[in-house]
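Worksheet: the structure to be examined is printed underneath.
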Amino acid sequence: MANKIYKLSDPSGKTADLPLREGSLGPGTLDISTLNKDLGVFTFDPGFMATASCESRITYIDGEKGVLLYRGYPVEQLAEHSNFIEVSYLLLYGELPTKQQLEGFRNSLRRHSMVNEAVLRFFSGFHYDAHPMAMLTAVVGSLSAFYHDSTDIHNPRHREVFAHRIIAKMPTLAAAVYKHGTGQPFVYPRNDLDYCSNFLNMLFSVPAEPYKVDPVAAKALDLLFILHADHEQNASTSTVRLAGSSNTNPYAAIAAGIATLWGPAHGGANEAVLNMLRDIGDVKNIDKAITRAKDKNSGFRLMGFGHRVYKNYDPRAKIIRATCHQVLEKLGRDDPTLELAMRLEEIALKDDYFIEKKLYPNVDFYSGIIYRALGIPVHMMTVMFAIARTAGWVTHWQEMISDPHMKIGRPRQLYTGEVKRDYAEINQRK
Ligand code: CMC
């Protein structure tokens, strides 16, 4: 919907009309798609500081107020009343499911939870100490060599089957990644268990003895999955969209998203937070860590702090922080890291540097503490994030591909290299 028109003129007086497109919530965006045609220039915005890359109906964030909505529903309400499978359905289909729809969705995910045996054999090519995210990126990418019955991306039913398959198979692959690293046999999915209990069973059970999933652990994992399920156009989601915009195989597009998530500025922060807290070690070392984080030359940042969009407390961090004590207590774990993290937060939030820059704890600051209480090792934590975010990635991919006006993503550049010059033979070079 275009209401107001902004006008831009160049020094010679030529003008361009930039219609303001207003969404249902949040600031409008200037439609600059004809700018190059009208004025012969491009816009320059590295890191997308002020650029909306697409129109979307999935997730809304108000970073100033600390608001996060999935399909209009506040994440706090979903965290309290819903579960990850229902949230995945909501993201994918746009509405909360009826009982029947939810059961149908669950059944479909159950049916797709196994992976082709040949995929499991790929793991033997990895060293035991390969990083879990390296293995996950590779095996998810390798799914593009399978399942050819459902990769006509222009067929809505194929897209739906793909969506169910990838959501269903991620826990199986993530657990296989873990088992390969520990040298234990792979555990097959159990369709009598719910999504999170099945995942915990595949992670922690061994053929030698019975294993019973702790429902408290499954519930805590489910909550973390809800909170990580989507976050609009973050780096990994934008990567999935950009990769997918070439009409590539969708598993390959998801693998690209996983590779992007791995970085410590994005999903890798949960691993980095625990490593940082381990290095700080004690409350008495917090001041030193804060001083280092403020020193640009140190190369050190307070991991789990700051966010491109949130200039307020990340609502997901608020929920996880409030749940942390409860989960540790119910699981009978006492983790001094939680006290250390809370003290670090308290000190940072009173510091002028963090106040002025509006740096608050983000989702990754406390999530690792819960994951560790569930027995999940630090190097597996970004894999946990990837399982949950798959629901968001596939929803964004689906939204983009089903748009009849979809175009391949092709950013432009400001070229500052050499101007045209002639090739010199090797004996004529200085
Ligand atoms: N510790 C110390 N200083 C910080 C931090 C931090 N964690 N985060 C930002 N700053 C400073 C930064 O140095 C910059 O200062 P100045 O304006 O003087 O140059 C200012 O705050 C703005 O930072 P920025 O890097 O320009 O902001 P950004 O929007 O490009 O980056 C961020 C956002 C999340 C990458 C960044 O805050 C960061 O590196 N945080 C630590 C890593 C982290 O926790 N990442 C997880 C993000 S949430 C989950 C997810 O997205 O996956």
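The values are calculated or read from the model by the stated rules, or taken from the named source; none is laboratory data. Fair warning: this is a prediction, and the values are worked out from it, not measured in the lab. Note that each Cβ is placed from the backbone with ideal geometry, even for glycine, and that neighbours are counted across all protein chains shown.
Does Ala272 qualify as being more than 12 Å from the ligand (Cβ to nearest atom), out of contact with any Asp or Glu (no Cβ under 6 Å at 6 or more places or on another chain) and part of a helix (DSSP H, G or I)?
Answer is no for this residue.
When Ala317 is evaluated against the numbered criteria (1) away from the ligand (no atom under 14 Å from the Cβ); (2) farther than 24 Å from Arg57 by Cβ; (3) buried (at least 17 other Cβ atoms within 10 Å of the Cβ), which criterion, by number, is the only one it fails?
It is condition (1) that Ala317 fails.
Going by the conditions given, is Asp295 away from the ligand (no atom under 12 Å from the Cβ) and surrounded by fewer than 17 Cβ atoms within 10 Å (Cβ to Cβ)?
no
I'm trying to understand the selection: among the residues of the range 392-430, which are closer than 15 Å to Asn155 by Cα and without any contact (Cβ under 8 Å) to a residue 60 or more places away in the chain?
Across the range 392-430, the qualifying residues are Asp403, Pro404.
Only residues that are assigned to a helix (DSSP H, G or I), β-branched (Val, Ile, Thr) and more than 12 Å from the ligand (Cβ to nearest atom): list them for the range 243-265, please.
Ile254, Ile258
I'd like the residue in the range 353-370 that is near the ligand (Cβ under 9 Å from one of its atoms) and part of a loop (DSSP other than H, G, I, E, B) and, out of all such residues, is nearest to Ile61 (Cα to Cα).
Only one residue fits best here, namely Asn362.
Could you list, in sequence order, the residues of the range 1-15 that are surrounded by 10 or more Cβ atoms within 10 Å (Cβ to Cβ) and of a type in the set (S, T, N, Q)?
Ser9, Thr15
Does Thr260 satisfy the condition of being in contact with a His (Cβ under 7 Å, 6 or more places away or on another chain) and not hydrophobic (A, V, I, L, M, F, W, C)?
Criteria met by Thr260.
List pairs: first in the range 289-318 and over 23 Å from Leu338 (Cβ atoms), second more than 9 Å from the ligand (Cβ to nearest atom) and of a type in the set (A, V, I, L, M), Cβ under 6 Å, 6+ apart or cross-chain?
Val309/Ile61
Among the residues of the range 147-159, what is the count of those that are surrounded by 15 or more Cβ atoms within 10 Å (Cβ to Cβ) and in contact (Cβ under 8 Å) with a residue 12 or more places away in the chain?
5
Check Leu18 against each of (1) modelled with pLDDT under 95; (2) of a type outside the set (Gly, Ala, Ser); (3) touching a Leu at 6+ places or on another chain (Cβ under 7 Å); (4) surrounded by 12 or more Cβ atoms within 10 Å (Cβ to Cβ) and name the one condition it does not meet.
Answer for Leu18: the failing condition is (1).
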